[in-house]
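The block underneath contains the structure these notes are about, expressed in C-alpha cells.
The values are calculated or read from the model by the stated rules, or taken from the named source; none is laboratory data. Every value quoted in this text rests on a predicted model; they were computed, and no experiment measured them. Note that each Cβ is placed from the backbone with ideal geometry, even for glycine, and that neighbours are counted across all protein chains shown.
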Amino acid sequence: MPTLAAVSDTNDSSGRSNFDDTTGSPTSGGSTSGEGLIAQPIAEVSEEQLRSFLDDLSVPTLLVTCVHLAADDATRRNILDGPLRPAGSYLNEYQGFMSDEDQVAARQLALEIIADWRDRGAPTPEPISPELLKELMEWIVGMPVGDEYVPMMTEELALDGRDDRAEEPTPGAQDLPVVVIGCGMSGLLAAIRLGQAGHPYVVLEKNDGPGGTWWENRYPGARVDVGSHFYCYSFEPSDHWSEFFARQPELQAYFERVMDNHGVRPHVRFGVEATDADWDEERGVWVVSTSSGEIVEGRALISAVGMLNRPFVPEVEGDFDGPAFHTARWRDDVDLTDRDVVMIGAGATGFQVAPAIAEQVRSLTVLQRSAQWMFPNLGYHDAVGDGVRWAIANLPYYGRWFRFLIFFPGCDTGLDAAIVDPDYVDAEGGQRLAVSEINEMARGFFADWIIGQVDGDPDLVAKVVPDYPPTGKRTLQDNGSWLRTLTRGNVELVRAGVERLEPDGVVDSDGVKHRADVVVWATGFCANDLISPLRIRGRGGVDLHDAWARRPRALLGITVPEFPNFFMLYGPGTNLASGGSIIFSSECQVRYVMGCLRLLAEQHGTSIEPTTAAYEDWFDRCQERVRQTVWASPHIAHSYYKADDGEVYVLNPWRLVDYWTWTREPNATDYVVSAATGRGAST
Ligand code: NAP
C-alpha cells in the first residue's frame, strides 16, 4: 500500500510536518468497570457502612443490581415480582416515584442480598439471559421498552464489560493517515477510535487544551444539564463525578484525563488552528493549512469543530466604555463585586450565569428578548454521595443501570411532544400555545412549575412564561435557582432586547437605558454558520459553504458528495432538541466514520464519498420531517435552531434509536469508493 511522503517524513524546513506515528491506545477497548477509583472493596465494608452507602443510592437501580447479585432464582423473583417496585420514571427521577416507606424496605432487602453476596466471596455475577435483561430494563423504568430499543440499550449497558463500539485493528489503516480538526468531546473520541483501528492521525486544536466547549465556557455557573453519568463516554468509568450535573472544571478535567488514558496527547497540536483544507485530487489527500503556517496532510479529514463554538454578539450601535465580553470569553480579571452588570440574553447560558453572580454584584439587569420554557430538575445542583461512588466502583452493574435510568426516560419520549399535530387547535384557536395534545400537557406542567417558583408575582409571571409552544426552543431545566434569582432585590428581568450601547450603559429595545459597569453578552453562538470560519474545498476547489448555499446538509450529518474522505462530527442535522446526549450521538457518528474508513481500506480505494442521490434524499426527508416539528413553528420568532431563511438545518428530527441503527455501519450502496488514479504523493 502506498504511504504519503508528506506524512512519513519528519518536520522539514518547508513547514510541512509529519504525523506522530504512535497509534497505540493503551486502554484500547476501554473499560466499563470502576477501575481507577480508590474505594473500599466490599469485603471490608461493615453492615453499618453498607447501610449508609445504600442510603445514597437510587433504589430502582439498587434492586436491579441485586437481581444480578442474588444467589438464586427465588431471590430474583422475589425482587421482580414483589411489591417494592418503581411506580414510573421521568428524566432525572432516580427513585422511580417510590414512597419513602417502600424505599426503606427496599434498602433493607438490598442490604441482605448484598451482605449475602459479600459473605459468599463477592463472586462475579453470572451472565443473564436476553429475556431477563429486557425484563430488567422494563422493571427499572416501570414502562415497556420496545423491542427495537433492546439492542441499543444492551450495547449501552455493556454488562459483559465489552465496548462494542471499540475498533479492531483495520488492515490497511496504517496507510490511511487522518487529520482531525478539533479536540473537543467528539474530536477526542475520533482520536481514540482511530488509534484503536491503527490509523496514524494528528489532531489540530485551536485551544491550549482539550474539551472544546468545556474548555471555552468557563463562565460562573457553567455546568452540564444532561446527567453526568450519561454525559460521558460509554466506555469510560463514571465513578468519579462529584455532582450529578458536573460543573465545567470537572468536565474539563475529565476530557484531559480521558485523553491521557488513551494516549491521545502526543497526537494533538494544541494552539494550532486549521484555517483551510483543500482536497488534492491528484494525490488523494487533504492538505490542511494552519494559523501557524504549517501544512498538515492526511488521506482523510474529520471535522470535529463543534456547532456551538463561535460566539455570537449582535451588531448594535454605540460603544460601551467598560468591560464587555461574551460568556464563552469570560473575563476572570474583571471583578464583578459591587458592580452594576447588564447581561444580554437568557438562554441555557444566561440562566446559569445569573444565579452564580447575583449575590456578588450590586445590581444585575437581564435583558431577555424571549422567555424560556423550563421544567423542574430538583437535583440539578446535588452532590454525588460517597455511597454512589462506592456503588459504581464496587457493586457490579450499578453504574451501568444508573446510566440506563438516566438515558431511557429521556430517549425519544421528548420527540412526541415536539411533533405537530396538524389537526390540533389550542385554546386560542391556533397553535401558538401548543402544537398537539401532548405538547399542551407539557405546557401545563412547565407553566405550573414556573409560576409556582415566582410566588404568583403577576409582573414576573408575565415576563417568565413564554408566548410560544413548549419545547420549541432549547428547553431548560432547573431546581428553581434561576427563578429564585429573579425575585432578588438587586436583580431585574427586563423583557426586551438590546437597542444600542452607550458609554455607561445599555439601551433596550423599548428605549429604556440601564446603567452598567460591565456588560455580559450571553447571546449564544453562530450555530447555523457550521464549520465557519474554516474553509473546506473539495473536488474542483469548490468551497463547502458555496456547495451548501446556506442550506447546510450532509448524509446522516456526516458526509457530503464531492468532498471525498471528509467526515463531520456534530455536523448539520445532528443537534439534539428532544433528549439524549451529544456524546451518545458522537459515538454513533464516529462508529459510522470508522466504518467508512474501513470500506476505503478494504477496497484499497483512494476516496469514499456519498452518492448525490443518497445525500439529497436524506436532506429532503430530514427537511420534510423537521417542518413537522414545533422547532419550525412560525410562532417562534427567535431561535438558534432556525437559520436566517427560517428553516431548521441544525437539528436531528429522528428518534435516537433510528439514528443509532442507521449509523451502525455505512450502507455500501450510499457510497462511491474510487480507485487510485496516479497519486503523486505515493512512495
Ligand atoms: P442561546 O440559547 O442561543 O440564547 C441566546 C440568548 O441571547 C437568548 O436569550 C436570545 O434571545 C438572546 N439574544 C440573541 N440575540 C439577541 C439580540 N440580538 N438581542 C437580544 N437578545 C438576543 O445561547 P446559549 O444560552 O449560549 O445556549 C446555546 C446552547 O448551548 C444551548 O442551547 C445548549 O445547547 C448549549 N448550552 C448547554 C448548557 C448546558 O448543558 N447546561 C449550558 C449552556 C449552553 P431569544 O431567546 O429571543 O433568541
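The table below gives the values:
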read-out: Filter pass, E294 being among the acidic types (D, E), surrounded by 15 or more Cβ atoms within 10 Å (Cβ to Cβ) and closer than 23 Å to F563 by Cβ; value: yes
read-out: Selection from segment 519-536 of residues that are crowded, with 21+ Cβ neighbours inside 10 Å and away from the ligand (no atom under 16 Å from the Cβ); value: I531, I536
read-out: So G557, is it part of a loop (DSSP other than H, G, I, E, B) and among the small types (G, A, S); value: yes
read-out: Residue match in segment 262-272 (condition: in a helix (DSSP H, G or I), more than 13 Å from G187 (Cβ to Cβ) and in contact with a Ser or Thr (Cβ under 9 Å, 6 or more places away or on another chain)); value: yes
read-out: Top-ranked residue in segment 313-329 [being within 12 Å of the ligand (Cβ to nearest atom) and more than 26 Å from L189 (Cβ to Cβ); ranked as surrounded by the most Cβ atoms within 10 Å (Cβ to Cβ)]; value: H326
read-out: Near pairs, Cβ below 9 angstrom, 6+ apart or cross-chain, from segment 252-267 (within 14 Å of V203 (Cα to Cα)) to any residue that is surrounded by fewer than 16 Cβ atoms within 10 Å (Cβ to Cβ) and of a type in the set (G, A, S); value: G263/G24
read-out: The listed residue being within 25 Å of G187 (Cα to Cα), within 16 Å of the ligand (Cβ to nearest atom) and either at pLDDT below 95 or hydrophobic (A, V, I, L, M, F, W, C) (or both), out of L544, L556, L569; value: L569
read-out: Candidates A613, A601, A675, filtered to the one that is at pLDDT below 95 and away from the ligand (no atom under 16 Å from the Cβ); value: A675
read-out: Any hit, segment 457-473, residues being of a type in the set (S, T, N, Q) and within 16 Å of the ligand (Cβ to nearest atom); value: yes
read-out: Qualifying position, being over 30 Å from V520 (Cβ atoms) and either touching a residue at least 24 places away in the same chain (Cβ under 8 Å) or touching a His at 6+ places or on another chain (Cβ under 8 Å) (or both), among P210, P200, P220, P151; value: P200
read-out: In segment 501-518, residue nearest to the ligand (Cβ to nearest atom) [restricted to those that are over 27 Å from E216 (Cα atoms) and charged (D, E, K, R)]; value: D508
read-out: Residue match in segment 639-653 (condition: under 16 Å from A554 (Cα atoms), modelled with pLDDT of 95 or more, buried (at least 19 other Cβ atoms within 10 Å of the Cβ) and touching a Pro at 6+ places or on another chain (Cβ under 7 Å)); value: yes
read-out: Segment 170-217: number of residues that are part of a loop (DSSP other than H, G, I, E, B) and more than 17 Å from the chain's Cα centre (by Cα); value: 12
read-out: Residue that is out of contact with any strand residue (DSSP E or B) (no Cβ under 6 Å at 6 or more places or on another chain), farther than 30 Å from R539 by Cα and buried (at least 22 other Cβ atoms within 10 Å of the Cβ), where the choices are V590, V630; value: V630
read-out: Number of the exception - N309 against (1) modelled with pLDDT under 95; (2) away from the ligand (no atom under 16 Å from the Cβ); value: (2)
read-out: Any hit, segment 406-417, residues being modelled with pLDDT of 95 or more, closer than 16 Å to S370 by Cα and in contact with a helix residue (DSSP H, G or I) (Cβ under 7 Å, 6 or more places away or on another chain); value: no
read-out: From the options D386, D332, D382, D338, residue that is surrounded by fewer than 16 Cβ atoms within 10 Å (Cβ to Cβ), within 16 Å of the ligand (Cβ to nearest atom) and touching a residue at least 24 places away in the same chain (Cβ under 8 Å); value: D382
read-out: Hits in segment 458-487 (condition: over 20 Å from P220 (Cα atoms) and among the acidic types (D, E)); value: D459, D467
read-out: Single residue of R269, R299 found to be more than 16 Å from the ligand (Cβ to nearest atom), surrounded by 21 or more Cβ atoms within 10 Å (Cβ to Cβ), more than 22 Å from the chain's Cα centre (by Cα) and basic (K, R); value: R299
read-out: Failed item, numbered, when A354 is tested on (1) touching a helix residue (DSSP H, G or I) at 6+ places or on another chain (Cβ under 8 Å); (2) of a type in the set (A, V, I, L, M); (3) surrounded by fewer than 18 Cβ atoms within 10 Å (Cβ to Cβ); value: (3)
read-out: Residue match in segment 239-252 (condition: within 13 Å of the chain's Cα centre (by Cα), crowded, with 23+ Cβ neighbours inside 10 Å and not in a loop (DSSP other than H, G, I, E, B)); value: yes
read-out: Count of segment 345-368 residues which are in contact with an Asp or Glu (Cβ under 9 Å, 6 or more places away or on another chain) and either away from the ligand (no atom under 14 Å from the Cβ) or closer than 20 Å to D510 by Cα (or both); value: 8
read-out: Residue pairs meeting the criteria (Cβ under 6 Å; at least 6 apart or on separate chains; first over 14 Å from V341 (Cα atoms), in segment 476-503; second within 11 Å of the ligand (Cβ to nearest atom) and assigned to a helix (DSSP H, G or I)); value: L476/F351; W482/F351
read-out: Positions within segment 630-647 being more than 16 Å from the ligand (Cβ to nearest atom) and touching a helix residue (DSSP H, G or I) at 6+ places or on another chain (Cβ under 9 Å), in sequence order; value: E647
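Yes or no, residue by residue, for (1) touching a His at 6+ places or on another chain (Cβ under 8 Å); (2) surrounded by fewer than 24 Cβ atoms within 10 Å (Cβ to Cβ); (3) of a type outside the set (K, R); (4) under 19 Å from A158 (Cα atoms):
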| site | (1), (2), (3), (4) |
| --- | --- |
| C183 | no, no, yes, no |
| G187 | no, no, yes, no |
| I192 | yes, no, yes, yes |
| E205 | no, no, yes, no |
| C232 | no, no, yes, yes |
